[in-house]
Amino acid sequence: MTPDLFDDLPAEHLPEIIAEGAVILRRFALDRAERLLGVIGEVTELAPLRRMKTPGGHAMSVAMSCCGEQGWVTDTRGYRYQSDDPLSGRPWPSMRDVFRTLAREAASAAGYEGFCPDACLINRYEPGAKMGLHQDRDEHDFKQPIVSVTLGLSQVFQFGGLRRNERPVNIPLHHGDVVVWGGPARLRYHGVLTLKAGDHPLTGPCRYNLTFRRAR
DNA sequence: CAGTCTCG
DNA sequence: GACG
């Protein structure tokens with residue numbers, strides 16, 4: 001994470017370092033936000049957003065779908081990646097180029113070269129929806145970073161430590177912001193606070209989050 | 001426990 | 001922070 005890694009980035013994309021191995025790229029996805037939202041519409045027509053159940057039996061407040069070779073799912077049996085949408089029994093929609101390219105470019109801008117995601121989780125937050133602190137630990141290779149993209153309404157991201165009882169830092173994320181974490185930050189707890197009501201010109205009353213991972 | 005609930 |  002030396003500054004010279006970022007010499008060729010536009011000033012507005014200079015990373016805000018939030019922990020060793022974790023950066024925010026403000027407005028990094030702004031120029032392609034409408035295309036990304038169009039693809040979200042296309043993917044969720046094939047694999048509808050749905051509220052899944054946690055192993056404890058509670059419904060998540062966030063509606064989720066996936067694209068790519070692998071999709072993250074949860075039900076009363078646990079968390080896992082699988083190649084088929086449990087709703088349809090068919091493979092997840094393919095990873096679109098605009099998604100893959102954004103993920104690779106953001107990872108590169110954060111110092112992680114050669115990122116090649118096989119999974120994109122699509123999260124839709126409506127007012128009242130949140131995601132408690134958790135670790136992304138269902139992937140095989142924790143050397144591969146996580147890339148997280150905010151579209152639409154702003155929401156407060158929490159970035160914590162390696163144990164759930166460490167106090168997280170609160171980071172407001174806005175339309176187009178991208179967060180990347182890997183290396184020593186890869187297993188840090190993270191989540192988002194309850195989404196407040198609002199109205200965004202491109203998404204209306206919600207926030208979309210794209211999370212890119214290398215599952216296998 | 002990617003959850004809800006409770007206490008200070 | 002407990003919870004199971």
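The values are calculated or read from the model by the stated rules, or taken from the named source; none is laboratory data. This one's a predicted model, so the numbers in the text were calculated from it and none came from an experiment. With ideal geometry, Cβ positions are generated from the backbone for all residues, glycine too; neighbour counts draw on all protein chains shown.
Tally up the residues in the stretch A:162-181 that are within 16 Å of DNA strand C (Cβ to nearest atom) and among the acidic types (D, E), please.
Total satisfying the criteria: 1.
If a residue must be within 22 Å of A:A22 (Cβ to Cβ) and outside any loop (DSSP other than H, G, I, E, B), how many such residues does the stretch A:190-216 contain?
Number satisfying all stated conditions: 10.
Residues A:A47, A:A19: which one is among the hydrophobic types (A, V, I, L, M, F, W, C), in contact (Cβ under 8 Å) with a residue 12 or more places away in the chain and touching a helix residue (DSSP H, G or I) at 6+ places or on another chain (Cβ under 6 Å)?
One residue alone meets the criteria, A:A19.
From the list A:R213, A:R167, A:R188, pick out the single residue that is free of Cβ contacts under 8 Å to residues at least 12 places away in the same chain and out of contact with any Lys or Arg (no Cβ under 9 Å at 6 or more places or on another chain).
Values: A:R213 fails: free of Cβ contacts under 8 Å to residues at least 12 places away in the same chain; A:R188 fails: free of Cβ contacts under 8 Å to residues at least 12 places away in the same chain.
It is A:R167.
Just to be sure I understand the filter: pairs with C-beta atoms under 6 Å, separated by 6 or more residues or on different chains, first member in the stretch A:127-141 and touching a residue at least 24 places away in the same chain (Cβ under 8 Å) and within 7 Å of DNA strand B (Cβ to nearest atom), second member of a type in the set (D, E, K, R) and part of a loop (DSSP other than H, G, I, E, B). Which pairs pass?
A:L133/A:R164
(1) crowded, with 16+ Cβ neighbours inside 10 Å; (2) charged (D, E, K, R); (3) over 13 Å from the mean Cα position of the chain (by Cα): which one isn't true of A:R213, the others all being true?
(3)
Can A:R77 be described as among the basic types (K, R), modelled with pLDDT of 95 or more and either away from DNA strand B (no atom under 13 Å from the Cβ) or in contact with a helix residue (DSSP H, G or I) (Cβ under 8 Å, 6 or more places away or on another chain) (or both)?
No, not satisfied.
Taking A:D84 as the residue in question, decide whether it is surrounded by fewer than 23 Cβ atoms within 10 Å (Cβ to Cβ), under 23 Å from A:A59 (Cα atoms), among the acidic types (D, E) and more than 16 Å from DNA strand B (Cβ to nearest atom).
So A:D84 passes the test.
With the requirement that a residue be more than 9 Å from DNA strand B (Cβ to nearest atom), outside any loop (DSSP other than H, G, I, E, B) and charged (D, E, K, R), what does the stretch A:48-67 give you?
Scanning the stretch A:48-67 gives a single hit, A:R50.
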